[in-house]
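Reviewing the structure listed below.
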Amino acid sequence: MCLIVTTTWRRKRRRNGERPIHMWEDMKSIMRRRFVPIHYRRDLHKKLQILTQGSMSVEDYYKEMEIAMTRANVKEKR
């Protein structure tokens, strides 16, 4: 299925005079623009900011925080 979608996109880009996609980063960027709503990143950052431990164990809280950071593309400063 992925091969069919990729082939279709390549043909469409060629017909539209757009440059071919050679790098995975380019493909990810195009996919995000096409399929991810504009508010998605904002909502992920907000979720990360309001995340609290509450009744979770430290381990569960840490896992939730790591997942939220990964999804929001936030890098931990060391």
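Bear in mind these aren't lab numbers, they're just calculated from the coordinates by the rules spelled out. Computed from a predicted model, the values in this text were never measured in an experiment. As a convention, Cβ positions derive from the backbone with ideal geometry for all residues, glycine included, and neighbour counts pool all protein chains shown.
Give me the net charge of residue 40's neighbourhood, meaning all other residues with Cβ under 10 Å from the Cβ of residue 40; Lys, Arg count +1, Asp, Glu -1.
+3
Looking at the chain, identify the longest residue range that excludes and avoids all GluC sites (Glu not before Pro) in DSSP loops having at most 13 other Cβ atoms within 10 Å.
Segment 19-75 is the longest.
So if I place +1 on the C-beta of Lys and Arg and -1 on the C-beta of Asp and Glu, and nothing else carries charge, what would the dipole magnitude of the range 33-78 be about its Cα centre? I want it in debye, nearest 20.
For this selection, approximately 480 debye.
Please list, or write none, the lysines whose alpha carbon is within less than 18 Å of the alpha carbon of residue 46, excluding same-chain residues fewer than 8 places away.
Cα-Cα hits under 18 Å: 63, 75.
Calculated from DSSP H runs of 4 or more alone, at -39500 (n - 2.57) each and per residue, what is the 222 nm mean residue ellipticity of the chain, nearest 500?
The helix contribution divided over the chain gives -21000 deg cm²/dmol.
Give me the dipole magnitude in Debye, nearest 20, for the chain about the Cα centre, with unit charges on the beta carbon: positive for Lys and Arg, negative for Asp and Glu.
800 debye
In the chain, if the dipole is taken from +1 on Lys/Arg beta carbons and -1 on Asp/Glu beta carbons about the Cα centre, which of 8, 68, 24 is farthest to the positive end?
8
For P(r) over Cα pairs in 5 Å bins from 0, in percent, several values are listed as [x] 3, 14, 25, 24, 14, 8, 5, 3, 2, 1, 0; [y] 3, 15, 26, 27, 16, 9, 3, 1, 0; [z] 3, 13, 15, 18, 12, 11, 10, 8, 6, 3, 1, 0; flag the one computed from this structure.
Recomputing P(r) over Cα pairs in 5 Å bins from 0, in percent here gives the entry labelled [z].
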